[in-house]
Each structure stands twice: as structure tokens, then as C-alpha cells.
Amino acid sequence: MTEQRPGEATAEPAAEVLFERRGRLGVVTLNRPKAVNALTAGMAAAMLEQLTLWAEDDAVAAVLVRGAGDRGLCAGGDIVAIYRDMLDGGDATADFWAVEYRLNLLISDYPKPYVAFMDGLVLGGGVGISAHGSVRIVTERTRTGMPETTIGFVPDVGGTLLLSRSPGETGTHAALTGAHLSGADALFLGLADTFVPSGQLAGLAEALETEPVDAAVARFTEQAPPSVLAAQQEWIDACYSTDDAEEIVDRLRTVGGEAVDAADTIAAKSPTAVKVALASLRRAKGLGLAEALEQEYRVGLRFLDGPDFREGIRAQVVDKDRTPHWQPASLAEVSRDDVEAYFAPLGERELKLTKERDNV
């Protein structure tokens with residue numbers, strides 16, 4: 001990849017992601033607006049390459065990541081491509097995740113300010129390219145979260161680690177329900193740092209071209225609205241403090257009110273995904289990001305081999321009948337041994353991010 005001169009843009013593949021330098025700011029624009037900038041394997045590889053180059057480029061003082069169009073930064077990974085790969089029995093998804101997770105780790109370790117405009121939809125893989133950054137900005141339009149249990153999968157891209165660090169059990173609630181969260185909720189969960197009105201983002205982007213990041217961001221920052229999730233923490237902590245998914249649902253129904261809605265939501269998700277997501281968050285506590293990503297990779301490859309991930313995408317995105325047929329169909333049918341099998345070592349297929357980092 002050859003970076004263009006300042007003011008010029010390049011893109012690969014097929015203009016799905018754009019890179020340009022404006023002053024001392026490297027700008028990454030995800031450029032699939034009709035798909036809410038859903039992340040493809042090519043986009044992840046291009047970002048990994050360009051961000052690696054900019055990390056060593058003294059002419060680049062900071063990086064900004066944003067989405068084209070007005071619908072959002074990134075609605076997640078391209079799950080239709082994942083679905084097709086599962087039907088074909090291919091390795092493309094495993095290869096995609098290997099690159100994507102390395103990108104997530106690079107962003108977390110980035111040696112320069114990494115500014116993410118988390119405006120509009122920021123889901124799944126979109127969280128991975130934003131919430132690991134050092135300057136994470138939400139707006140009144142932000143709708144973020146890890147909705148993977150809806151499609152028979154579990155939070156990945158480091159999401160299990162991020163949500164395991166949220167206050168009390170609020171991250172567990174977000175993971176199991178897959179709820180879309182406001183910018184204020186993202187701030188409360190620790191997925192973001194700063195609130196800037198969406199109408200001010202263009203001005204902030206321009207300021208970042210010439211000003212130090214901290215000063216520019218401070219000038220545009222405003223008070224966020226109250227977090228709904230923060231107001232719910234008391235019953236969330238009480239209900240989700242167990243490691244037993246069935247007990248969580250029972251407690252939610254006993255509490256009543258809005259907690260019953262959470263119970264109904266969880267009950268509609270893939271039972272396997274709910275139990276493995278819960279175990280993933282518990283296991284992620286105390287891990288570093290590289291270790292968490294390695295764990296998520298093990299779990300993810302197991303889901304590629306199982307029925308629910310494919311069925312969830314079919315029901316939500318392909319046929320759109322919204323009536324997935326989960327196997328097994330109830331939480332009670334998913335045993336402890338079933339869950340443990342998702343975390344078993346992969347042997348030669350391990351991602352080995354920790355070893356790669358130790359050898360640097």
C-alpha cells in the first residue's frame with residue numbers, strides 16, 4: 001500500500017476504506033455507507049497495514065477513525081460474508097478474525113493518540129476498532145453494544161474483556177441481552193471517554209489537523225445526558241451476580257418490572273451463546289487483551305462449527321424471519337461440559353498473540 005501525499009486519498013480494496021493525511025492527522029474513513037460500514041477482511045487488513053506504517057511515521061501525530069455516511073461508524077463485521085463462508089466450509093472467517101484481532105490489539109497498544117468518532121451505530125466489530133482506542137468519542141446519536149447473542153454468537157474483538165471491566169454486573173447485562181446502548185451508557189460502561197454533539201464532529205476533526213488532541217477534544221466536549229444503565233445498576237448487580245444463566249433469568253423475573261424485559265430478551269437468544277458469553281466474561285476478568293482475544297478466537301472457531309451461529313444469521317439477516325431454531329432450545333439443555341468445550345485449546349490453530357508480543 002502506498003500512502004498518498006497530504007490531501008489526497010487512497011483506498012483498498014475497492015474504496016471500502018480510505019486513508020489520507022491532513023496536516024499531522026492520519027484519517028481512516030470506513031467507506032461502505034450502504035452497509036453502515038460493516039467491516040470486511042480486506043478493510044481490516046488495510047487498516048492493520050496503514051496504522052502500522054503511521055505508528056512509525058513522524059509526520060503523523062495522531063489518528064482519527066470515522067465512518068462514511070450518516071448512519072454510523074461501523075455496524076460490525078460483514079456477517080453475510082461469514083454466513084457464506086460457513087455454508088462453504090471455508091477458512092475465510094478464521095483468517096479474517098486473525099487479522100481483525102491483531103488490529104484490535106494494535107489499536108490498544110497504539111503509540112499515538114487514536115481518536116474514534118463513535119457516532120451512530122457502533123456494534124460488534126465497530127466496538128473493536130473504536131473502544132480499544134485512547135480517545136473514544138460518543139454523541140447523542142450513538143447506538144453501541146455487542147449484540148452477538150442475537151445471532152447465536154458471543155462478544156468478541158476484545159468485547160468480553162471490555163464488558164468484564166464495566167461497573168458491577170452492567171457489562172454482563174449488556175453482553176447477555178445484546179442491547180443497543182446510548183452514548184451515555186457507553187461512557188458509563190467504560191467503552192468511551194468523551195461526549196461531543198454530532199454536529200460538532202466536523203469542527204473537531206478539522207481542529208485535530210493542527211492542534212494537540214487533548215486541547216482540541218476538551219474544547220468540543222460537552223456534558224453527556226444521564227445513563228439509563230447507571231440508573232438500573234442496583235437490580236442488574238443483584239440479578240447477574242451468579243455464574244448460572246438460569247438463575248440470572250429467574251432472578252430477573254422475580255425482581256419484576258423492567259428486569260422482566262431483560263429476562264424475556266435473554267430467553268429469546270441462543271441458549272448456547274448466552275451460557276458461553278457468560279462464561280467468557282467471567283474468564284476474561286484479569287486477562288490482558290492479547291489473552292482475551294486468544295480466548296475469543298478459540299470460542300469463535302467452535303461457534304463456526306456449531307449450528308446456532310449459522311442459524312442466527314439466517315434468521316436475522318438472510319431470510320429475516322426473526323424465528324431462529326436454536327439447538328439446544330433451552331438453557332437447561334446446555335450442560336457445563338458443553339460450555340467448557342468451547343474454551344478447549346486449539347493446538348496448532350491457536351492465535352498466539354501473547355507469544356508474538358513476547359517475541360517483539
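Using the Karplus curve 6.51 cos²θ - 1.76 cosθ + 1.60 with θ = phi - 60°, work out ³J(HN,Hα) for each residue of segment 287-302 in order, rounded to whole Hz, and write x for Gly and Pro.
7, x, 5, 4, 5, 5, 5, 4, 5, 5, 5, 4, 4, x, 5, 5
Before I look further, what does segment 177-228 give for accessible area per residue, probe 1.4 Å, in whole square angstrom?
46
So between ASP95 and LYS285, what do we pick up on full extension, going 0.36 nm a residue minus the alpha carbon distance? Working shown, then result.
On the way: separation 190, 0.36 × 190 = 68.40 nm, distance 2.62 nm.
Stretched fully, the ASP95-LYS285 segment lengthens by 65.8 nm.
In nm, to one decimal, how far is the ALA55 label point from the ALA218 one, both placed 7 Å along Cα→Cβ?
The two pseudo-label positions are separated by 2.8 nm.
The chain: longest stretch without exposed trypsin sites (Lys or Arg not before Pro) (DSSP loop, at most 15 other Cβ within 10 Å), sites themselves excluded?
Working: sites that count: ARG165, LYS285, LYS320, ARG322.
So the longest stretch without any such site is 1-164.
Give me the accessible area per residue for segment 43-125, probe 1.4 Å, as a whole number in Å².
35
Multiply the residue separation of ASP70 and ASP250 by 0.36 nm, subtract the distance between their alpha-carbon atoms, and state the gained length in nm to one decimal.
Computed gain between ASP70 and ASP250 is 60.8 nm.
What FRET efficiency would be calculated for the residue pair THR210, ASP237, taking the C-beta separation as r and a Förster radius of 41 Å, to the nearest 0.05?
0.35
Tell me which residues come under 5 Å, amide H to amide H, from GLU169 once H is placed; ignore anything under 5 positions away on its chain.
ASP237
For segment 317-357, give the percent of accessible area contributed by carbon and sulfur heavy atoms, probe 1.4 Å, rounded to a whole number.
Values: 1470 of 2900 Å².
Its accessible area is 51 percent carbon and sulfur atoms.
Once phi is turned into θ = phi - 60°, what whole-Hz ³J(HN,Hα) does the Karplus curve with 6.51, -1.76 and 1.60 give for every residue of segment 113-118, x standing for Gly and Pro?
3J(HN,Hα) across segment 113-118, in whole Hz: x, 10, 9, 10, 8, 8.
If each residue of separation counts as 0.36 nm, what is the full-extension length gain between LEU346 and ALA332 once their alpha-carbon separation is subtracted? Could you put the intermediate results ahead of the total?
Working: separation 14, 0.36 × 14 = 5.04 nm, distance 2.69 nm.
Contour length minus Cα-Cα distance gives 2.4 nm.
Using all Cα-Cα distances in segment 58-155, what percent lands in each 5 angstrom bin from 0 up to the longest?
Pairs per bin, as whole percents: 3, 13, 20, 22, 19, 13, 7, 3, 1, 0.
With just the Cα atoms defining each centre, how far is segment 307-349 from segment 147-196? Give it in Å.
Comparing the Cα centres of segment 307-349 and segment 147-196, I get a distance of 20 Å.
Ignoring ligands, DNA and RNA, what percent of the accessible area of segment 125-200 is carbon or sulfur (1.4 Å)?
It is 49 percent, rounded to a whole number.
Considering only DSSP beta bridges with both partners in segment 79-216, what is the antiparallel share in %, to the nearest 5? Let's see the in-between values first.
On the way: 1 of 10 bridges.
If I count the DSSP bridges inside segment 79-216, around 10 percent turn out antiparallel.
From the phi angles alone, apply the Karplus equation (6.51, -1.76, 1.60; θ = phi - 60°) to segment 87-103 and give each ³J(HN,Hα) in whole Hz, x where the residue is Gly or Pro.
5, 7, x, x, 10, 4, 5, 4, 5, 4, 4, 4, 6, 4, 5, 5, 5
The values are calculated or read from the model by the stated rules, or taken from the named source; none is laboratory data. Just so we're clear, the structure is a prediction, and the values are computed from it rather than from any experiment. Neighbour counts are summed over all protein chains in view; Cβ atoms, including those assigned to glycine, are modelled from backbone coordinates with ideal geometry. Protein only, heavy atoms only, side chains kept; ligands, DNA and RNA dropped before computing areas. Shrake-Rupley method; radii C 1.70, N 1.55, O 1.52, S 1.80 Å.
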